[in-house]
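Worksheet: one structure, shown below.
The values are calculated or read from the model by the stated rules, or taken from the named source; none is laboratory data. Since we're looking at a predicted model, the values are computed, not measured. In this analysis, Cβ positions are derived from the backbone assuming ideal geometry, glycine residues included, and neighbour counts consider all displayed protein chains. Surface areas here come from the heavy atoms of the whole protein model, side chains and all, with no ligands, DNA or RNA. Shrake-Rupley method; radii C 1.70, N 1.55, O 1.52, S 1.80 Å.
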Amino acid sequence: MFNATRACELLVGLGAVKVLEVVEPLVGRLEITVESIVDAPVCPNCGERAWVKDRPVVELVDLTCFGRPVTLRWRKHRFCCPRRWCRQGSWTHEDPRIAAPRLSVTDRAGRWATRQVGRNGRAVSDVAAELGADWHAINDAVIAYGTALLDADQTRVGAVAALGVDEVLFARLGRWRTQAWSTSITDVTSGQLLDVIEGRSSAGLCAWLAAMPVTWRDAIAWAVLDLSGPWRLAFDTMLPDAGQVADPFHLIKLANQRLDEVRRRVQQDTLGHRGRKDDPLYRSRRLLTRADERLDDKGREKLLGLLDAGDPRGEVRTAWHAKETVRGIYDIDDPTVAAEFIDRLGHDLQDESCPPEVRQLGRTITKWRHQIAAWHRARVSNGPTEAINNLIKRVKRVAFGFRRFAHYRVRALLYAGRPNWALLATVTPR
Ligand SMILES: [Zn+2]
């Protein structure tokens, strides 16, 4: 015989609950009222039989049912101890299989939403719309379950042979849109995001490294950094035995920036105004920063013609050659030859005949010559970090920017940090 009550309980699938009511308050939306089966409750203080004081109803966002958003109305039990001498106040029956305390989604909906947002990179608003839920309900659940997963995943940060750090803008805050920075820490060999810390100071990175086991720090052979002092100081302090490697991408970017500065200054000096679309130097700007091997004969001819017209003292041409020579560092195979080349390049670019911006580049190269030359032995770069930063950018774009660093960190690590998602089923949100 068909048992309607049993069929309903099976569909709702929450185990030891009674289904009291299923209604459709709006077309395409279900409301299911349940209560826990609680027998013979006892007072946790005196161990005697407790009384039911109250039956508050909590509304929870649940998974959709046959394509319809569901509100689970959980008729809870609030108990009290009837004995006057007992100090126990009232308490509410909880069941973590239905929902974690304080969250306004069911346990199963919370885990599902965490996977959708954290692993699949969906927007919170998108998942909330699918579940017919409020944005905050879903975001709170993703942060709670996601944090629990990251805390539980003890093997996520394994042994690292080459560590990379990079700064990432995570938000613009307040009335003045102040830039808020974060530091991403990466295993550049495997391309895994290890952690994200607030700010971009040496002290923050030092504190993070200090919190890691000594054996873990000792195993790091190479530390990859852009040309910034704070990271160098942190590595000098906390990873004194690791070889420091200047990231090729950043050095080339710096050479291009200096070239750009020379072009804009010469533009101003010769024509007295900022670049306009018919000015030769302005028209050369993309050809200048393009890699030389990506210029065809026609492109090169055009570039040289534009420089003849707009660069009377050859300053832009010098900066262009400097940039291409810096790129040439990475064509050299032999580490000893490369180290000599870098030394000489740093020296040559500081020659008095060079534009001041190029001399500045020469000073930077001389200051970082060991780190730049180390690349030829280490052959590691922040390339994987850049790939991770692109994943983080995707997270930021999907989220339309973050306000709170803690949320940004959890979302970035869930998406780009490769946690063990199998653990999600086992964790308990705090
Ligand atoms: Zn009691």
| task | Identify all residues within the range 83-100 that are open to solvent by less than 60 Å² (accessible area, probe 1.4 Å), in a loop (DSSP other than H, G, I, E, B) and away from the ligand (no atom under 15 Å from the Cβ); write none if there are none. | result | His93, Asp95, Ile98, Ala99, Ala100
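Can you go through Val262, Val224 and tell me which one is touching a Pro at 6+ places or on another chain (Cβ under 6 Å) and either closer than 30 Å to Thr325 by Cβ or surrounded by 15 or more Cβ atoms within 10 Å (Cβ to Cβ) (or both)? Break it down stepwise before answering.
Details: Val224 fails: touching a Pro at 6+ places or on another chain (Cβ under 6 Å).
Sole residue among the options that is touching a Pro at 6+ places or on another chain (Cβ under 6 Å) and either closer than 30 Å to Thr325 by Cβ or surrounded by 15 or more Cβ atoms within 10 Å (Cβ to Cβ) (or both): Val262.
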| Looking only at residues in the range 314-351 that are out of contact with any His (no Cβ under 9 Å at 6 or more places or on another chain) and outside any helix (DSSP H, G or I), which one is nearest to Ala373 (Cα to Cα)? | Gln350
| query | Right, Thr237: of a type in the set (Ser, Thr, Tyr), at negative phi and modelled with pLDDT of 90 or more or not? | reply | yes
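Identify all residues within the range 166-216 that are among the charged types (D, E, K, R) and at positive phi; write none if there are none. Break it down stepwise before answering.
Residues of the range 166-216 among the charged types (D, E, K, R): 166-167, 172, 175, 177, 187, 195, 198, 200.
Answer for the range 166-216, where residues must be among the charged types (D, E, K, R) and at positive phi: just Arg177.
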| query | Among the numbered criteria (1) surrounded by fewer than 19 Cβ atoms within 10 Å (Cβ to Cβ); (2) touching a residue at least 24 places away in the same chain (Cβ under 8 Å), which single criterion is violated by Thr114? | reply | (1)
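Within the range 55-64, does at least one residue satisfy the condition of being open to solvent by 70 Å² or more (accessible area, probe 1.4 Å), at negative phi, out of contact with any Leu (no Cβ under 9 Å at 6 or more places or on another chain) and not aliphatic (A, V, I, L, M)? Give the steps one after another, and end with the answer.
Within the range 55-64, the subset open to solvent by 70 Å² or more (accessible area, probe 1.4 Å) is 59.
When the remaining residues are screened for being at negative phi, the result is 59.
Subset that is out of contact with any Leu (no Cβ under 9 Å at 6 or more places or on another chain): none.
The answer is no; no qualifying residue exists.
Name the single residue, out of those in the range 146-182 being among the β-branched types (Val, Ile, Thr) and touching a residue at least 24 places away in the same chain (Cβ under 8 Å), that is nearest to Thr215 (Cα to Cα).
Step one: of the range 146-182, the residues among the β-branched types (Val, Ile, Thr) are 147, 155, 157, 160, 165, 168, 178.
Now drop any that are not touching a residue at least 24 places away in the same chain (Cβ under 8 Å), which leaves 147, 155, 157, 160, 165, 168.
Working: Thr147: 26, Thr155: 15, Val157: 13, Val160: 11, Val165: 20, Val168: 28 Å.
The extreme case among them is Val160.
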| task | Take the range 23-48 and flag every residue that is open to solvent by 40 Å² or more (accessible area, probe 1.4 Å), in contact (Cβ under 8 Å) with a residue 24 or more places away in the chain and within 12 Å of the ligand (Cβ to nearest atom). | result | Pro44, Asn45, Glu48
| query | Which condition number does Arg73 fail, the rest of (1) closer than 27 Å to Ala422 by Cα; (2) open to solvent by 20 Å² or more (accessible area, probe 1.4 Å) being met? | reply | (1)
| field | Enumeration of residues in the range 215-241 that are touching a Phe, Trp or Tyr at 6+ places or on another chain (Cβ under 6 Å) and under 13 Å from Leu163 (Cα atoms) | value | Ala223, Leu225
| request: Please enumerate the residues belonging to the range 307-359 that are open to solvent by less than 20 Å² (accessible area, probe 1.4 Å), charged (D, E, K, R) and within 35 Å of the chain's Cα centre (by Cα). | output: Lys323
| task | Report, by residue number, each residue of the range 266-294 that is more than 21 Å from Thr325 (Cα to Cα), among the hydrophobic types (A, V, I, L, M, F, W, C) and loosely packed, with under 13 Cβ neighbours inside 10 Å. | result | none
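Suppose the filter is in a helix (DSSP H, G or I), among the β-branched types (Val, Ile, Thr) and open to solvent by less than 10 Å² (accessible area, probe 1.4 Å); does Val165 pass it? Steps first, answer last, please.
On the way: in a helix (DSSP H, G or I): no; among the β-branched types (Val, Ile, Thr): yes; open to solvent by less than 10 Å² (accessible area, probe 1.4 Å): yes.
Taking the combined requirement at face value, the residue does not satisfy it.
Might you let me know whether the range 256-276 holds any residue that is assigned by TED's automatic domain parsing to the domain that holds Leu345, in contact with a Phe, Trp or Tyr (Cβ under 8 Å, 6 or more places away or on another chain) and free of Cβ contacts under 8 Å to residues at least 24 places away in the same chain? Reasoning before the result, please.
Narrowing the range 256-276 to residues assigned by TED's automatic domain parsing to the domain that holds Leu345: 256-276.
Applying the additional criterion that residues be in contact with a Phe, Trp or Tyr (Cβ under 8 Å, 6 or more places away or on another chain) yields 259, 267, 275-276.
From the residues that got through so far, the ones that are free of Cβ contacts under 8 Å to residues at least 24 places away in the same chain too are 275-276.
Checking the range 256-276: at least one residue is assigned by TED's automatic domain parsing to the domain that holds Leu345, in contact with a Phe, Trp or Tyr (Cβ under 8 Å, 6 or more places away or on another chain) and free of Cβ contacts under 8 Å to residues at least 24 places away in the same chain.
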